[in-house]
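The values are calculated or read from the model by the stated rules, or taken from the named source; none is laboratory data. Please read all numbers here as calculations on a predicted model, not as lab measurements. With ideal geometry, Cβ positions are generated from the backbone for all residues, glycine too; neighbour counts draw on all protein chains shown.
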Amino acid sequence: MDDEYIKLLDHAMGQLPPDATSHERFVMVEALAFTEGNKTLIRNFKQLAEKAARDPKHMLKYIVNEVGTAGSYDEQAGRATLTGVFTKKAILDAIDKYVKDFVLCKTCGRPDTQIDKEGRQSVLVCQACGSTRAVQKL
Ligand SMILES: [Zn+2]
């Protein structure tokens, strides 16, 4: 490689807009989870679902499966209730997994996705890069 080529390369790298090499990592809203008697409440469930751009009921279904319990979503309060006592970490981990499996594009890492149906198969379609992948049916 001669010096002239390296200079050109340096120049080209300098021309890239900053977000072409690194994009903002998707940061989920922190779940406000706490226990009440023998139940665990997620007070800001609606905001969590909105941030993930997913149906709260879809997200809840995954979370209850993940921690192994039953739960319900109160649409008016925007709150989810799980049967049983769970640590905040267990809730956060389940939400993280949901985001990884059902929200983030595995190709470009962006959250600009939607879930479409192709026949009986659910497919995650990325609006940012156009890639698709099959997702588990809940
Ligand atoms: Zn993508």
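Mind listing whichever residues of the range 59-79 are of a type in the set (K, R) and closer than 11 Å to K46 by Cβ?
Scanning the range 59-79 gives a single hit, R79.
Taking the criterion of being surrounded by 15 or more Cβ atoms within 10 Å (Cβ to Cβ), within 21 Å of the chain's Cα centre (by Cα) and either at negative phi or modelled with pLDDT of 95 or more (or both), would at least one residue in the range 13-22 satisfy it?
No: the range 13-22 contains no residue that is surrounded by 15 or more Cβ atoms within 10 Å (Cβ to Cβ), within 21 Å of the chain's Cα centre (by Cα) and either at negative phi or modelled with pLDDT of 95 or more (or both).
From the list L124, L82, exactly one residue is without any contact (Cβ under 8 Å) to a residue 60 or more places away in the chain, under 23 Å from E66 (Cβ atoms), touching a strand residue (DSSP E or B) at 6+ places or on another chain (Cβ under 7 Å) and outside the structural domain of R54 (by TED's automatic domain parsing). Which is it?
Matching residue, one of L124, L82: L124.
Restricting the search to the range 40-60, which residues are within 17 Å of L124 (Cα to Cα) and either touching a residue at least 60 places away in the same chain (Cβ under 8 Å) or not in a helix (DSSP H, G or I) (or both)?
Within the range 40-60, A53, R54, D55, H58 meet the criteria.
Those residues that are within 16 Å of the ligand (Cβ to nearest atom) and within 10 Å of the chain's Cα centre (by Cα), I need them from the range 80-108; list them, please.
V99, K100, D101, F102, V103, L104, C105
Quick one: is T69 among the β-branched types (V, I, T), in contact (Cβ under 8 Å) with a residue 24 or more places away in the chain and not in a helix (DSSP H, G or I)?
No, not satisfied.
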